[in-house]
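Chemist: Before we start, here is the structure in question, set down as structure tokens.
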Amino acid sequence: MATLFDSLELGDLLLKNRIIMAPLTRMRSKQPGNIPQELNAEYYAQRATAGLIISEATQISPLAQGYPATPGIHSAEQVAGWKLVTDAVHQKGGKIFLQLWHVGRISHSSLHPKEGLPVAPSAIAPSGTVMNAEFKQVPYETPRALDLKEIPDIVAEYKAAAQNAKDAGFDGVEVHGANGYLLDQFLQDGSNKRTDIYGGSVENRSRLLLEVVDAAVDVWGKGRVGVRLSPYGTFNTMSDSDTPALFNYVFEKLSERGIAYVHVIEPRATNAGGGGADASDESVPSTSQIFRQSFYGVFISAGGYELETAQNAVENDLADAVAFGRIFIANPDLPERFQKNAPLNKYNRATFYGGGAAGYTDYPALLEGK
Ligand SMILES: Cc1cc2nc3c(=O)[nH]c(=O)nc-3n(C[C@H](O)[C@H](O)[C@H](O)COP(=O)(O)O)c2cc1C
């Protein structure tokens, strides 16, 4: 029976354990230019004992940005900044994938004044408010629906970003298809009302995600590409009229491609990064139970896990590995704490986003020998 502390073959990689650091947006890149810096390298290196680190979501182009001070992977300065991070993680014996991100409609034109309105499959605004370039909450704008002619450019941007991630020394890439961002907006019919080959049927709505995955595989090979998905997640105003039909199709097509892994967020943690409650909502369906058998490769599960529940998921073969978000923010040495059954530091939500070292690199590790 597998445990969280066993190694895991994941595509071309051999992970030293099955404790994954979930992608976590922290809005601490250097300004101007959204450039990763030494502080970020220190933060990731502190967490290098994870079996795999998945970087915070990283915009593939200026228009792909949806929050202030999130890093990009489209300029030479950003590639050089990420090199600091990957070198620091590798020096500590860690492995790190970059999460490729386009936010689509979850954005505000103040974040990309030259490019203008956010883009989306259809001109439908999400409900609620968005953080503008000044870290202020303002109502969403109605996005501009992408023209059919523009879609190949988006795929090309993903491909260039995947190549930049390679140049920056990452071990692979994770395509962010979750949490109501651009690729998820195309997948789900609450946000996709297109009538061309990217809308309507499940096949059509999955087309952009699969084109992006193929572009990433062209650059990296299938053994170094993963995909993150969030079926049943409602974060960022998401909904679909037939979630099992949609995602079973997506898992089938990803299985055919033989990619390194899928990474699936349990909907009980749908608003973990927003202002939601810290406790998980257990009344919603379990995606690892529903979809585990639909994908033929490595299945990473995330969302509201603690040591015992994660161990149960791996032992009962509901997942090959488990990703931890909020408790990895607060516990840089999480695998060691799990191994020793040591108490965990508590996370402070007030310092999740923006700022400097406080609440970022100053969470203490266990004392030597304790
Ligand atoms: C501060 C914060 C930032 C997040 N940023 C991202 C992100 O950049 N990309 C992503 O896919 N998920 C992101 N998430 C979601 C987490 O990866 C994870 O799925 C969620 O926190 C649930 O796991 P947990 O209960 O272990 O925290 C974020 C969550 C938090 C709390």
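The values are calculated or read from the model by the stated rules, or taken from the named source; none is laboratory data. This structure is a prediction, so every number in the text was calculated from the model and none was measured. So basically every Cβ, Gly included, is an ideal-geometry build from the backbone, and we count neighbours across all protein chains shown. With ligands, DNA and RNA removed, areas are computed over all heavy atoms of the protein, side chains included. Shrake-Rupley method; radii C 1.70, N 1.55, O 1.52, S 1.80 Å.
Chemist: Within the group VAL130, VAL138, which residue is touching a strand residue (DSSP E or B) at 6+ places or on another chain (Cβ under 9 Å), assigned to a strand (DSSP E or B) and within 30 Å of ILE53 (Cα to Cα)? Can you show your working first?
Modeler: Working: VAL138 fails: within 30 Å of ILE53 (Cα to Cα).
On inspection, the qualifying residue turns out to be VAL130.
Chemist: Looking at GLU336, GLU308, GLU315, which is the one that is charged (D, E, K, R) and free of Cβ contacts under 8 Å to residues at least 12 places away in the same chain? Walk me through how you get there before you give the answer.
Modeler: Details: GLU336 fails: free of Cβ contacts under 8 Å to residues at least 12 places away in the same chain; GLU315 fails: free of Cβ contacts under 8 Å to residues at least 12 places away in the same chain.
Only one candidate passes the filter, namely GLU308.
Chemist: Any chance you could count how many residues in the stretch 37-51 are open to solvent by less than 10 Å² (accessible area, probe 1.4 Å) and touching a residue at least 60 places away in the same chain (Cβ under 8 Å)?
Modeler: Let us first name the residues in the stretch 37-51 that are open to solvent by less than 10 Å² (accessible area, probe 1.4 Å), namely 40-41, 43-44, 47-48, 50-51.
Still in the list and also touching a residue at least 60 places away in the same chain (Cβ under 8 Å): 43, 47, 50-51.
Number of matching residues: 4.
Chemist: Something else: Among residues belonging to the stretch 335-357 that are of a type in the set (A, V, I, L, M, F, W, C) and surrounded by 12 or more Cβ atoms within 10 Å (Cβ to Cβ), point out the one that is farthest from the chain's Cα centre (by Cα). Write out each step before concluding.
Modeler: Kept after step one, since they are of a type in the set (A, V, I, L, M, F, W, C), are these residues of the stretch 335-357: 338, 342, 344, 350, 352, 357.
Remaining after also requiring surrounded by 12 or more Cβ atoms within 10 Å (Cβ to Cβ): 338, 342, 344, 352, 357.
On the way: PHE338: 23, ALA342: 28, LEU344: 24, PHE352: 16, ALA357: 22 Å.
Ranking the qualifying residues of the stretch 335-357, first place goes to ALA342.
Chemist: Does at least one position in the stretch 327-342 carry a residue that is in a strand (DSSP E or B), within 16 Å of the ligand (Cβ to nearest atom) and within 21 Å of LYS16 (Cβ to Cβ)? Steps first, please.
Modeler: So the first thing to find is which residues in the stretch 327-342 are in a strand (DSSP E or B), and the list is none.
So far as the stretch 327-342 goes, no, none of its residues is in a strand (DSSP E or B), within 16 Å of the ligand (Cβ to nearest atom) and within 21 Å of LYS16 (Cβ to Cβ).
Chemist: Of all the strands (runs of 3 or more DSSP E) wholly in the stretch 1-99, which have at least 2 residues that are under 20 Å from ILE329 (Cβ atoms)? So that I can check it myself, show each step before the final result.
Modeler: Details: elements: 8-10, 13-15, 19-21, 52-59.
Ranges flagged: 19-21, 52-59.
Chemist: I would also like to ask the following. Return a yes/no flag: does the stretch 214-224 have any residue that is assigned to a helix (DSSP H, G or I), within 16 Å of the ligand (Cβ to nearest atom) and under 18 Å from ASP147 (Cβ atoms).
Modeler: Applying the first criterion (assigned to a helix (DSSP H, G or I)) to the stretch 214-224 yields 214-220, 222-224.
Right, trim to within 16 Å of the ligand (Cβ to nearest atom) and you get 216.
With under 18 Å from ASP147 (Cβ atoms) added as a condition, the list becomes none.
The answer is no; no qualifying residue exists.
Chemist: Only residues in the stretch 93-113 that are closer than 27 Å to GLU134 by Cβ count as the first member; pair them with residues that are assigned to a strand (DSSP E or B) and away from the ligand (no atom under 16 Å from the Cβ), Cβ under 7 angstrom, at least 6 apart or cross-chain, and list the lot.
Modeler: GLY104/VAL119; GLY104/ALA120; ARG105/ALA120; HIS108/VAL138
Chemist: A follow-up question, please. Condition (residue is buried (at least 21 other Cβ atoms within 10 Å of the Cβ), more than 10 Å from the ligand (Cβ to nearest atom), aromatic (Phe, Trp, Tyr) and assigned to a loop (DSSP other than H, G, I, E, B)) applied to the stretch 290-305: is it met by at least one residue?
Modeler: Yes; the residues of the stretch 290-305 include at least one that is buried (at least 21 other Cβ atoms within 10 Å of the Cβ), more than 10 Å from the ligand (Cβ to nearest atom), aromatic (Phe, Trp, Tyr) and assigned to a loop (DSSP other than H, G, I, E, B).
Chemist: A follow-up question, please. Mind checking which residues of the stretch 175-204 are hydroxyl-bearing (Ser, Thr, Tyr) and closer than 13 Å to GLY104 by Cα? Let's see the steps before the verdict.
Modeler: Keep residues of the stretch 175-204 that are hydroxyl-bearing (Ser, Thr, Tyr), which gives 181, 191, 195, 198, 201.
Within the stretch 175-204, TYR181, SER191 meet the criteria.
Chemist: Would you mind stating whether ALA88 is farther than 26 Å from GLY11 by Cβ and surrounded by fewer than 23 Cβ atoms within 10 Å (Cβ to Cβ)? Show your work before the answer.
Modeler: Values: farther than 26 Å from GLY11 by Cβ: no; surrounded by fewer than 23 Cβ atoms within 10 Å (Cβ to Cβ): yes.
It is false that ALA88 is farther than 26 Å from GLY11 by Cβ and surrounded by fewer than 23 Cβ atoms within 10 Å (Cβ to Cβ).
Chemist: State whether one or more residues within the stretch 275-284 are part of a helix (DSSP H, G or I) and hydroxyl-bearing (Ser, Thr, Tyr).
Modeler: Residues of the stretch 275-284 part of a helix (DSSP H, G or I): none.
Checked against the condition, which is being part of a helix (DSSP H, G or I) and hydroxyl-bearing (Ser, Thr, Tyr), the stretch 275-284 yields no hits at all.
Chemist: Follow-up question, since we're still on this one. Please pick out the residue among LEU246, LEU210 that is outside any loop (DSSP other than H, G, I, E, B) and open to solvent by less than 10 Å² (accessible area, probe 1.4 Å). Full working, then the answer.
Modeler: Working: LEU210 fails: open to solvent by less than 10 Å² (accessible area, probe 1.4 Å).
Testing whether each residue is outside any loop (DSSP other than H, G, I, E, B) and open to solvent by less than 10 Å² (accessible area, probe 1.4 Å) leaves just LEU246.
Chemist: So which residues in the stretch 256-310 are aliphatic (A, V, I, L, M) and modelled with pLDDT under 95? Even if it seems obvious, please write down each step before you answer.
Modeler: Step one: list which residues in the stretch 256-310 are aliphatic (A, V, I, L, M), which gives 259-260, 262, 264-265, 269, 272, 277, 279, 284, 290, 298, 300, 302, 307, 310.
Result: ALA269, ALA272, ALA277, ALA279, VAL284, ILE290.
Chemist: If only one of GLY233, GLY221, GLY226 is over 16 Å from TRP101 (Cα atoms), small (Gly, Ala, Ser) and in contact with a strand residue (DSSP E or B) (Cβ under 8 Å, 6 or more places away or on another chain), which one is it? Please lay out each step first, then the result.
Modeler: On the way: GLY221 fails: in contact with a strand residue (DSSP E or B) (Cβ under 8 Å, 6 or more places away or on another chain); GLY226 fails: over 16 Å from TRP101 (Cα atoms).
Step by step, each of GLY233, GLY221, GLY226 is checked, and only GLY233 is over 16 Å from TRP101 (Cα atoms), small (Gly, Ala, Ser) and in contact with a strand residue (DSSP E or B) (Cβ under 8 Å, 6 or more places away or on another chain).
Chemist: Let me ask something else about it. Only one residue in ALA156, ALA160, ALA178 is of a type in the set (A, V, I, L, M, F, W, C), within 29 Å of GLY51 (Cβ to Cβ) and outside any loop (DSSP other than H, G, I, E, B). Which one?
Modeler: One residue alone meets the criteria, ALA160.
Chemist: Which of the residues that make up the stretch 14-26 are open to solvent by less than 10 Å² (accessible area, probe 1.4 Å) and either of a type outside the set (Lys, Arg) or more than 13 Å from the ligand (Cβ to nearest atom) (or both)? Break it down into steps so the answer makes sense when it comes.
Modeler: Here is the first cut: in the stretch 14-26, the ones open to solvent by less than 10 Å² (accessible area, probe 1.4 Å) are 15, 19-22, 26.
Once the filter is applied, which keeps residues that are open to solvent by less than 10 Å² (accessible area, probe 1.4 Å) and either of a type outside the set (Lys, Arg) or more than 13 Å from the ligand (Cβ to nearest atom) (or both), the stretch 14-26 yields LEU15, ILE19, ILE20, MET21, ALA22.
Quick grid of which residues meet (1) out of contact with any Pro (no Cβ under 8 Å at 6 or more places or on another chain); (2) over 28 Å from GLU77 (Cβ atoms); (3) surrounded by 24 or more Cβ atoms within 10 Å (Cβ to Cβ):
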residue	(1), (2), (3)
GLU141	no, yes, no
LYS159	yes, no, no
GLY169	yes, no, no
GLN185	no, yes, yes
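Chemist: To continue, here is another question. Restricting attention to the stretch 187-207, which residues are crowded, with 18+ Cβ neighbours inside 10 Å, polar (S, T, N, Q) and either within 16 Å of the ligand (Cβ to nearest atom) or part of a loop (DSSP other than H, G, I, E, B) (or both)?
Modeler: Scanning the stretch 187-207 gives GLN188, SER191, ASN192.
Yes/no matrix, rows are residues, columns are (1) of a type outside the set (D, E, K, R); (2) buried (at least 24 other Cβ atoms within 10 Å of the Cβ); (3) over 26 Å from VAL219 (Cβ atoms):
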| site | (1), (2), (3) |
| --- | --- |
| GLY93 | yes, no, no |
| TRP101 | yes, yes, no |
| VAL119 | yes, no, no |
| SER122 | yes, no, yes |
| ALA125 | yes, no, yes |
| VAL130 | yes, no, yes |
| GLN137 | yes, no, yes |
| ASP147 | no, no, no |
| VAL155 | yes, no, no |
